[in-house]
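To start, the structure itself, in structure tokens.
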Ligand SMILES: NC(=O)c1ccc[n+]([C@@H]2O[C@H](COP(=O)([O-])OP(=O)(O)OC[C@H]3O[C@@H](n4cnc5c(N)ncnc54)[C@H](OP(=O)(O)O)[C@@H]3O)[C@@H](O)[C@H]2O)c1
């Protein structure tokens, strides 16, 4: 795979979302995950995405154990400031002392001296972003972190944060059916020279054609009613109609739907042609991981990109990506209401 830049870091154009191996969409098994992580490096993935909160530390431990002898072969991204308390409740804490403590714990679990890209997972509404980013900047000065990232934030917050310390990357949801970053964030990233990392690039599996509606999902799955109105049965049935022309186009292009969804993202470079957008499809299946990497070889013509833009977009999709409560808890530009 060719490479793309995040500040001083060089990464593969497609990264590997590792959350899935520790939950979110059902938990993986560590033996398969260890193989998956090693085979991902073997076929050219050079960018792994994890976080303190994934599996309550399980995900960072898994990566640390599986890849301890291969640390110089990949760029490692993790996140702080979001965790589950002892009752399993999701908690946002962006205080400087928490960030430092969580970084030390991440380094230990990951069995490394330095995290290449360390994101603030969520903005803490009780802590000015300047304070949280100031703490991350001190971790850079101490050599524990190489680049700073922010996740699910608004353009205004990014601009404020960037004045305190150069931000390497912003990570937010972005895919054919989640277009909020197009309203402002992609332009802001371009003007500041910040890389953009789309999470959930497969629309939480919807765009692969293999997803099911939430009545058939276990309550532990993040797509259940708490999180994704788009997976409610009625909305899901409506949305599934969008996949009919999409799957036909994939067949015509001789690729899978997952590859087409990722290739569309890879084509969303800024106008100057800088290579700053790196999707991170997540999986716990080795065959999916290999299939997704294949999208790097798929070059879409401008006409095909435009056709896809018309086919699936925020207007044609029924339902928001998160429910109202979850939407209110994040700082990013608001999705349509
Ligand atoms: N910053 C944030 O707040 C945030 C939020 C969410 C995610 N993330 C990061 O972004 C990564 C990706 O996002 P995501 O996992 O939420 O969503 P995603 O990549 O859009 O979709 C993941 C879902 O698609 C399935 N899948 C993957 N490849 C497939 C293929 N080729 N064919 C059929 N199904 C396929 C996965 O199944 P299996 O898992 O069963 O293999 C899983 O159910 C995560 O792993 C995580 O690292 C960050």
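The values are calculated or read from the model by the stated rules, or taken from the named source; none is laboratory data. As the structure is a prediction and not an experimental result, all values here were calculated from the model. All Cβ positions, even for glycine, are placed from backbone atoms using ideal geometry, and neighbour counts span all protein chains on display.
Before moving on, here are some points about what is shown:
- Output for the stretch 19-39, where each listed residue is within 11 Å of the ligand (Cβ to nearest atom), part of a helix (DSSP H, G or I) and out of contact with any helix residue (DSSP H, G or I) (no Cβ under 6 Å at 6 or more places or on another chain): 20, 32
- Filter result (more than 14 Å from the ligand (Cβ to nearest atom) and either touching a helix residue (DSSP H, G or I) at 6+ places or on another chain (Cβ under 7 Å) or closer than 15 Å to residue 278 by Cα (or both)) within the stretch 160-178: 160, 161, 162, 164, 165, 167, 168
- Candidate set: the stretch 254-268, residues that are under 15 Å from residue 303 (Cα atoms) and without any contact (Cβ under 8 Å) to a residue 40 or more places away in the chain; chosen: the one farthest from the ligand (Cβ to nearest atom): 267
- Meets criteria (within 13 Å of the ligand (Cβ to nearest atom), buried (at least 18 other Cβ atoms within 10 Å of the Cβ) and over 17 Å from the mean Cα position of the chain (by Cα)) for residue 230: yes
- Of the criteria (1) touching a strand residue (DSSP E or B) at 6+ places or on another chain (Cβ under 8 Å); (2) modelled with pLDDT of 95 or more; (3) exposed (fewer than 15 other Cβ atoms within 10 Å of the Cβ), which one residue 85 fails: (2)
- Taking the stretch 142-159 as the range and being buried (at least 22 other Cβ atoms within 10 Å of the Cβ) and either more than 16 Å from the ligand (Cβ to nearest atom) or farther than 25 Å from residue 328 by Cβ (or both) as the test, the residues that pass are 145, 147, 148.
- At least 1 residues being under 24 Å from residue 117 (Cβ atoms) and in contact with a strand residue (DSSP E or B) (Cβ under 6 Å, 6 or more places away or on another chain) is the threshold, and among the helices (runs of 4 or more DSSP H) wholly inside the stretch 230-335 those reaching it are 257-266.
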